[in-house]
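S.K.: Here's a structure for you.
Computed from the coordinates by the stated procedures, all read-outs in this text should not be read as laboratory data. Note that this is a predicted model, so its numbers are computed, not measured. Methodologically, a virtual Cβ is constructed for each residue, glycine included, from the backbone with ideal geometry; neighbour enumeration extends over all protein chains shown.
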Amino acid sequence: MTDRLSELTAAGVAVWLDDLSRVRLSSGGLDQLRREKHVAGVTTNPTIFAKALSDADEYNWQLKDLATRGIEVEEAVRMLTTYDVRWACDVMRPSYDKSAGVDGRVSIEVDPRLAHETDRTVAEAKALWWLVDRPNLFIKIPATEAGLPAITATLAEGISVNVTLIFSLDRYSAVMDAFLAGLEQAKANGHDLSKIGSVASFFVSRVDSEVDKRLEKIGSDEAKALRGKAAVANAQLAYERYGEVFSSDRWQALADAGAHPQRPLWASTSTKNPDYRDVIYVEELIAPGTVNTMPEPVIHAFADHGETRGDTITGSYDAARKVFADLESVGVDMSDVIATLEREGVEKFEASWLELLDGVRKSLTAAAQGTGAPNKAAKGNARAAEQAGGNA
């Protein structure tokens, strides 16, 4: 029987899971995915946590203890989520050790309400780093304008970073520059660069969702023929920039000091349009040195019928540029698309975070009053958060 995920891994794509819950941890499900499905990392976001905390009784004992102690809701959320992330880091530790610190990483996000506040983002990144206290942790920081200096400052402290919510090529270039600057400062600060990791999460399916909506509105045959092409083209051109930056003399100096490159991570890889192949954002984005973080259904779909056709990115750059030229010619303003996606991305995660806070607040109240299973009070909030936040 063909092991399609093994073939994908051999092609240079690290398979990561875009999900986490205490049930997945306590049941051994995450470890099973690591052992049997080649899952080498985990990403989380506020929507994932909101759903996890509402769907299982596994959190009840901790919620009850937190309520008894009178812990405030924001601290309670961090204690609940870091408990899971710390556990996941331990589960993924074999992958971390086997890959010399490249894989086996688990991500936790700074409060998305801080997306436009540099200093507070850095402060929370540092707090999460010592709270989880695992070497294979990633702190997720959004690639907003305020997030860029926070990325540099956090890396300079020797803290590993997952840069999230990247949509545009220019912003991606700025992210890579922030990464290099952070490593240069970390080296000057005496940190071991071989211990610092980073990925740059370049969002995929959301690009097609927004562009396709505009193409449908334009309505011409030329416009409709471009549906489902923007996201892959955008990611392919991002990989071209990755290749340029990580073949530069500036990078080589850091590599000589033991640094690992900041890998591009393809995020939001579940297909939103049922007319598209369910593994399109995996099959069309295969190249060495990349990460693809997938919801579990996508992992199983690729294991069942995914095709690894070698490197599907390198050599595609001219065709990708033509897609962008064609989009412009039919009237799609890609700069406005990107601005919309970044704004909505931050807003959606902020909304999910508020829903998570509200759900935990209700659960703490229920636990304190002894009115039943506390986590059930958050179910409606989690459903709303899931609809608002979507896949990361």
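S.K.: Which cross-chain or sequence-distant (5 or more) residues have an amide H under 5 Å from the amide H of ALA40, H modelled 1.01 Å from N in plane?
M.R.: Excluding prolines and chain starts, which carry no amide H, the hits are VAL15, TRP16, LEU17.
S.K.: Taking only Cα atoms and a 10 Å spring cutoff, compute GNM fluctuations for the chain and point out the largest among ALA115, ALA123, ALA200.
M.R.: Judging by the Gaussian network model, the answer is ALA123.
S.K.: Something else now. Can you list the residues, at least 5 places off or on another chain, whose amide H is less than 5 Å from the amide H of THR164, using H built in the peptide plane?
M.R.: Those qualifying (amide H under 5 Å, at least 5 residues apart or on another chain) are ILE141, ALA143, SER201.
S.K.: Using modelled amide H (1.01 Å from N, peptide plane; none on Pro or chain starts), what sits under 5 Å from the amide H of ILE313, excluding residues fewer than 5 places away?
M.R.: Residues meeting the amide H criterion: ILE286.
S.K.: First select every other residue whose beta carbon is under 11 angstrom from the beta carbon of THR152; then total the charges, Lys and Arg +1, Asp and Glu -1.
M.R.: Net of charged neighbours comes to -3.
S.K.: Residue by residue through the stretch 162-177, what is 3J(HN,Hα) from phi via Karplus (6.51 cos²θ - 1.76 cosθ + 1.60, θ = phi - 60°)? Round to whole Hz and write x for glycine and proline.
M.R.: Result, ordered by residue: 9, 7, 10, 6, 9, 10, 9, 5, 5, 5, 5, 4, 5, 5, 5, 5 Hz.
S.K.: Let me ask something else about it. What is the spin-label model distance, in nm, from SER335 to LYS213 if the labels are put 7 Å beyond Cα along the C-beta direction?
M.R.: Placing both labels 7 Å beyond Cα along the Cβ direction yields 2.1 nm.
S.K.: How big is the dipole moment of the chain about its Cα centre under a simple scheme where the beta carbon of each Lys and Arg is +1, that of each Asp and Glu is -1, and everything else is neutral? Debye, nearest 20, please.
M.R.: Value, rounded to 20: 820 debye.
S.K.: To the nearest 10 degrees, how steep is helix 60-69 against the longest Cα principal axis of the chain, on a 0 to 90 scale?
M.R.: 60
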